[in-house]
Amino acid sequence: MNKRLCFLLMGLSILAMACSKKITSPLVTTPVNKPALSIEEIDFDYFQGKARMILRDANKEREVKANIRMRKDSVIWMVFSVLGVQGGKALINKDSITILSNVDKEYFVFEYPELSKRYNFPINFNVIQDALLGNLINERQESDSIVQEPSIFILKQHSGSVNVTNFINAASRKIEKVEMKQANTSNTLTLNYSNFQPVGDKIFPYNGTINLFYQAVSGLLNTTIIFEYNKAEVGDKKLKFPFDIPKRYARR
């Protein structure tokens, strides 16, 4: 994995294939021939957390600590450190993602069309926000299919060329797994959520694993990202998102 991709993966911490806005309410009216399904989602004004992240590809494994802050539907801010030393920052907003490396004294700016082209998946701010929180990534549609099994609901969706399958725990109503596959390619993304604990009046996945397979010039590549939160809070107290780029840092 090259340096630019490594910083990008730390900044995103999760990639998704669907391109849509999240639903405004987890309660959706469904036709009589479909099982009724409601999904419990994290709602918030501000979110902050601390997590351990492991980044793994075919060549190397890296571990970083991340401080994460969010303002709903506006900005996601991350600071990364290794052995207590700050190594970089990420600022994700509605238009782009900026990754800053303190080690190399440089920074990168990624716009969503560029990322979508790179990974052959549509990517935007909303899917990153919702995926980080374990919320439903793809907007509910009347054409969605719902299968009810004894312990889970299976919600199947389509977004362009992407097929999305959500596995929802029938008791907690939380998403535990998401499988995304792009038709006619080998591009796939699997999200697994676990270790659900209370955050505010909801429950939140403190652990997650992301497996991404995507086609590159060199062939089919695999990246795995594991995150383990040790702190997560939501509230209406305003948070700061400091992100200054020193003049001596070069844009790459």
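The values are calculated or read from the model by the stated rules, or taken from the named source; none is laboratory data. Given the structure is predicted, the values throughout are model-derived calculations rather than measurements. As a convention, Cβ positions derive from the backbone with ideal geometry for all residues, glycine included, and neighbour counts pool all protein chains shown.
Key figures
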| quantity | calculated |
| --- | --- |
| Qualifying residue in the stretch 180-192 (condition: touching a helix residue (DSSP H, G or I) at 6+ places or on another chain (Cβ under 7 Å), of a type in the set (A, V, I, L, M, F, W, C) and touching a residue at least 24 places away in the same chain (Cβ under 8 Å)) | yes |
| Pairs with Cβ under 8 Å, 6+ apart, first in the stretch 234-245 and closer than 28 Å to Lys202 by Cα, second in a loop (DSSP other than H, G, I, E, B) and small (Gly, Ala, Ser) | Val234/Gly200; Gly235/Gly200 |
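Here's the yes/no breakdown for (1) over 23 Å from Glu233 (Cα atoms); (2) at pLDDT 95 or above:
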residue	(1), (2)
Trp77	no, yes
Gly84	no, no
Arg118	yes, no
Asn138	yes, no
Val164	yes, no
